[in-house]
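Throughout, read-outs are computed from the coordinates displayed, never taken from laboratory work. Since this is a predicted model, take the numbers as computed values, not measurements. So basically every Cβ, Gly included, is an ideal-geometry build from the backbone, and we count neighbours across all protein chains shown.
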Amino acid sequence: MKIGLTLTGMTGFGPEIVDAALRDAIPRITKLLEAQARKNLGGGLVRVRTGKTLAGVSSRLRLGGAKPQGEVGDYGQRGFIARLLETGVRPHTIRGKRGGLLTFKSGGRTIRARAVNHPGFPGRHWLRAAVETVTPQAEKELQASLDRAIAAATRQAPTSGFGGPNGNG
């Protein structure tokens, strides 16, 4: 899942300005998204039971190379749980390993069965909701970074080349 942002005020500035703005803004935007994703997974939209899934939520930055980017996801051992919570699960049958029995508790009783039918569940979209929540702030962060990059480039731009301080030299 990616955030699509719109840049304004780009007329007359080269790609190095955009690159500087992206490299400046991506770490802050990624941290905003990570914080919102944790909030959503930690009780805002989904209540994880043990905290192990929530503990795996983190961000990664790749600022080198031609395409700087930031990622947020669940990179922990229980990342598959986070993905299931995001996308949902279709109804399916769960069978015991090697033909054995499944054992679980329900209503205070221990139940053993060769197979059970899981009803499935819709995705909770905790990460998609985080993207939607953070996008307006991310656009502001990127625009501020772009404004700073333009200002820095304008300060470093050479003068018109007409000579001295009076323009006649």
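A few points about this structure:
- Fluctuation leader among Ile17, Ile94, Ile81 - the chain, Gaussian network, Cα springs under 10 angstrom: Ile94
- Taking other Cβ atoms within 10 Å as a rough exposure proxy, Lys140, Lys105 sort from fewest to most as Lys105, Lys140.
- From the alpha carbon centroid of the stretch 34-56 to that of the stretch 79-147 is 11 Å.
- Put a dot 7 Å past the Cα of Ala115, heading toward its Cβ, do the same for Lys97, and the two dots end up 2.0 nm apart.
- For the chain, the calculated P(r), taken from all Cα-Cα distances in 10 Å bins from zero up to the bin holding the longest distance, is 9, 25, 23, 16, 11, 7, 5, 1, 1, 0 percent.
- Between helix 15-41 and the chain: long-axis angle, C-alpha atoms, 0 to 90°, nearest 10: 30 degrees
- Fewest-first ranking of Leu22, Leu61, using other Cβ atoms within 10 Å as the exposure measure: Leu61, Leu22
- Every Cα-Cα pair of the stretch 55-136 was included, and the share exceeding 15 Å stands at 73 percent.
- Full-extension gain in nm, Gln77 to Ala55, via 0.36 nm per residue minus C-alpha separation: 7.0 nm
- Sequence of Ile29, Ile111 once ranked by neighbouring C-beta atoms within 10 Å, starting from the fewest: Ile111, Ile29
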